[in-house]
Amino acid sequence: EAGVTQFPSHSVIEKGQTVTLRCDPISGHDNLYWYRRVMGKEIKFLLHFVKESKQDESGMPNNRFLAERTGGTYSTLKVQPAELEDSGVYFCASSQWAGNYEQYFGPGTRLTVT
Amino acid sequence: GNSVTQMEGPVTLSEEAFLTINCTYTATGYPSLFWYVQYPGEGLQLLLKATKADDKGSNKGFEATYRKETTSFHLEKGSVQVSDSAVYFCALGIQGAQKLVFGQGTRLTINP
């Protein structure tokens, strides 16, 4: 069974540009989560999808971030326009059941904004 | 609020040494507690978990006990190996909220 995959593995963009990160969850997992780790600090929750619906987006830092999950399969996270403080590692996770917290993580996308 | 505080790293040990990585938490309600591990170039993997007070989670020689009285979930291993070199994250999950709250991570390096 394939794990959670993320693309790209690393992205370097200039301040003001747009970047789109993609996450493919484990097949059959209805729950999809985005997290990020900035500057080696704690990993912080961004949002949670159940199928194509946003269940909790309380961690989204501002309206420059837009997450979508059309069709309830893969998800994208767009940052537009990117700022220096957006640099970090963006993790995606998926789970079959939300209640037991057994989330399966992808390898992350390292975003560098210069 | 809900938060997790981990032992500051990095931690460097010799092979076969005893490992402790401290983790304490603050939470509303009754959290479940987790240790995740990230090996170089890979995603986070669930290492072990405990869902209620006094539970002990264990896996791959690692153990952690859910201590409600001290709000702690320290990770221990009796004899570490070079292959244990990784970043370790302590996390909690709050009942009714599906997100995980993580600590800042502890980088562990084991020298042969």
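Here are some notes:
- Distant alpha-carbon pairs in the protein assembly as shown (separation over 24 angstrom), percent: 44 percent
- Cβ crowding within 10 Å averaged over residues, with A:17-28, A:43-54 ranked highest first: A:43-54, A:17-28
- In order along segment B:72-89, the phi-based Karplus estimate (6.51 cos²θ - 1.76 cosθ + 1.60, θ = phi - 60°) of 3J(HN,Hα) comes to 10, 8, 6, 8, 9, 8, x, 8, 7, 10, 4, 5, 7, 4, 4, 9, 10, 10 Hz; Gly and Pro are listed as x.
- Cβ-defined net charge surrounding A:Arg37, 10 Å radius [Lys, Arg +1; Asp, Glu -1]: +3
- The phi-based Karplus calculation (6.51 cos²θ - 1.76 cosθ + 1.60; θ = phi - 60°) puts the 3J(HN,Hα) values of segment A:64-73 at 7, 9, 9, 10, 9, 8, 5, x, x, 10 Hz, whole numbers, x for Gly and Pro.
- The three principal axes of the Cα atoms in chain B give end-to-end lengths of 43, 27, 22 Å, sorted in falling order.
- For segment A:55-60, 3J(HN,Hα) computed residue by residue from phi via the Karplus equation (6.51, -1.76, 1.60; θ = phi - 60°) reads 7, 7, 10, 5, x, 5 Hz, glycine and proline entered as x.
- Gaussian network model of chain B, springs between alpha carbon atoms under 10 Å - residue of B:Gln81, B:Gln38, B:Gln98 with greatest fluctuation: B:Gln98
- Take every Cα pair under 8 Å whose residues are at least 6 apart in sequence, average their separation, divide by the length of chain B, and the relative contact order is 36 percent.
- Of the peptides B:9-21, A:70-82, the ranking by mean beta-carbon count within 10 Å, highest at the top, reads A:70-82, B:9-21.
- Peptide B:102-108 has a mean shielding of 3, counted as Cβ atoms of other protein chains within 10 Å of each residue's Cβ.
- Within the shell of other residues whose beta carbon sits under 11 angstrom from the beta carbon of A:Pro81, the net charge comes to 0, with Lys and Arg scored +1 and Asp and Glu -1.
- Per-residue mean of foreign Cβ neighbours for B:88-100 is 5 (Cβ atoms of other chains, 10 Å radius).
- The lysines whose alpha-carbon is closer than 22 Å to the alpha-carbon of B:Lys77, local same-chain residues fewer than 8 away aside, are B:Lys49, B:Lys52, B:Lys56, B:Lys60, B:Lys68.
- Under 18 Å from the Cα of A:Lys78 - lysines, other chains or at least 8 residues apart: A:Lys15, A:Lys44, A:Lys54
- Other protein chain Cβ atoms within 10 Å, averaged over every residue that makes up B:45-54: 1
Only the coordinates and a few stated rules stand behind these numbers; no lab work does. Worth saying up front: this structure is predicted, and the values here are computed from it rather than measured. Heads up, the Cβs are rebuilt from the backbone with ideal geometry, glycines too, and the neighbour counts pull from every protein chain shown.
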